[in-house]
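Notes follow once the structure below has been shown.
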Ligand code: NAD
Ligand code: WQD
């Protein structure tokens, strides 16, 4: 059985679907600090079985000891974290406690139970401002905010744990670029609290009429159309990449570090146009100043994951936008609830 921490969240819920479709039994642990239990029956409508979920916190030592004693976990996929860059600047201790201390507690419980297979959610944010593009896994690492530092610290922790017991651990550090999209059913997707920080949910809310217009943060970048370029990857491709990484770890002990991206840069204006085509709705925008901390462009060299895992992202921008629109439109959800 696989323990999925943060499995009720955006990426975690799509991971549940991918695990079910891969016939991999799993258990969700989530404190619902950024998600809601209502996602669980909607996962059940997709997979035919509502996930078993423990409402709890990865920092709860006693709870983890109970879970590892009760279930025969073979691996952990660790999504549970706080992930808002701006919030991390205002609340650094909350991020170090939740993300770093939470991972220490989890690793200690795993070691005590003899469970040494882990897939870890890392982020392209650990590359900071890359010196060149596309980004390879051996590029220099640099954080520019407490969230990014928390990811770097956890990556280092995992490397040290692996080195402390050669050949005993099987760890994959997966560096996600920009996850977007939603399951094709329209039943699960990204549901940010409050005003979305990220581009895709904000664009979707403008298209639905919930917001008046999109602020395009800068159109004077050294990019083809002047707006920021990112490597957007469909969340279902990302989840399938995790299944492939799990299967790889079963055959290969040690530490694996991989970029999960498409290798294809997409600009803000390209994404706006894609969403207008997918939704049939206008996405009005106003150009504003560059957002502090933003890089002009960031995209992955995805070849190592392709070579080692036999996996690549398959879904294009049109699919990303169509799936988000179906989720945002909410019809399927209303029928399900
Ligand atoms: P999310 O907030 O939707 O999901 C995280 C889940 O973890 C939530 O359900 C939350 O309730 C839960 N959680 C948080 N702290 C917890 C704790 N202490 N104990 C138990 N549950 C806890 O975020 P997401 O977008 O699904 O991201 C999942 C992971 O992927 C995170 O580690 C994030 O840093 C990483 N990541 C996300 C992105 C992105 O753009 N979404 C990009 C790169 C990396
Ligand atoms: C994408 C592009 C913006 C919003 C962030 C985190 C990163 C990771 C993924 C967790 C940029 C532009 C955005 C808007 C805009 N999260 N934009 N108007 O900043 O690449 O990455 O999410 O790990 O850590 O930093 O994603 O979606 O915020 O921005 O013009 O209202 O869209 O300037 O060019 P980002 P994003």
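The values are calculated or read from the model by the stated rules, or taken from the named source; none is laboratory data. This is a predicted model, so every value here is computed, not measured. Here Cβ is always computed from backbone atoms with ideal geometry, including for glycine, and neighbour counts include all displayed protein chains.
Got a sec? Which of 191, 225 is within 12 Å of ligand 2 (Cβ to nearest atom) and touching a residue at least 24 places away in the same chain (Cβ under 8 Å)?
After ruling out the rest, the residue left standing is 225.
Yes/no matrix, rows are residues, columns are (1) more than 19 Å from the chain's Cα centre (by Cα); (2) surrounded by fewer than 24 Cβ atoms within 10 Å (Cβ to Cβ); (3) closer than 14 Å to residue 146 by Cβ:
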site	(1), (2), (3)
83	no, yes, yes
89	yes, yes, yes
96	no, yes, yes
101	yes, yes, yes
104	yes, yes, no
113	yes, yes, no
119	no, no, no
129	yes, yes, no
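Name the residues in region 309-336 that are modelled with pLDDT of 95 or more, outside any loop (DSSP other than H, G, I, E, B) and more than 16 Å from ligand 2 (Cβ to nearest atom), would you?
309, 318, 319, 322, 323, 325, 326, 327 - these are the residues of region 309-336 that are modelled with pLDDT of 95 or more, outside any loop (DSSP other than H, G, I, E, B) and more than 16 Å from ligand 2 (Cβ to nearest atom).
Which of the numbered conditions does residue 215 fail, given that it passes all the others? Conditions: (1) within 16 Å of ligand 1 (Cβ to nearest atom); (2) part of a strand (DSSP E or B). Just one mismatch for residue 215, condition (1). Restricting 153, 200 to those that are within 14 Å of ligand 1 (Cβ to nearest atom), surrounded by fewer than 20 Cβ atoms within 10 Å (Cβ to Cβ) and either within 18 Å of residue 103 (Cα to Cα) or touching a residue at least 24 places away in the same chain (Cβ under 8 Å) (or both) reduces the list to 153. Taking region 290-308 as the range and being surrounded by fewer than 20 Cβ atoms within 10 Å (Cβ to Cβ), farther than 12 Å from residue 221 by Cβ and either within 11 Å of ligand 2 (Cβ to nearest atom) or at pLDDT below 95 (or both) as the test, the residues that pass are 292, 293.
What helices (runs of 4 or more DSSP H) lie completely within region 1-70 and have 2 or more residues being within 16 Å of ligand 2 (Cβ to nearest atom)? Write out each step before concluding.
Working: elements: 10-21, 39-47, 61-70.
Passing ranges, in order: 10-21.
Candidates in region 120-141 are the residues that are assigned to a loop (DSSP other than H, G, I, E, B) and within 13 Å of ligand 2 (Cβ to nearest atom); of these, the one that is nearest to residue 94 (Cα to Cα) is 128.
Give 226, 194, 186 a once-over and let me know the one that is on the phi > 0 side of the Ramachandran plot, assigned to a loop (DSSP other than H, G, I, E, B), more than 11 Å from ligand 1 (Cβ to nearest atom) and crowded, with 17+ Cβ neighbours inside 10 Å. One residue alone meets the criteria, 186.
For region 116-127, a tally of residues being away from ligand 1 (no atom under 13 Å from the Cβ) and in contact (Cβ under 8 Å) with a residue 60 or more places away in the chain returns 1. As for region 42-54, it holds at least one residue that is at pLDDT 95 or above and under 29 Å from residue 160 (Cβ atoms).
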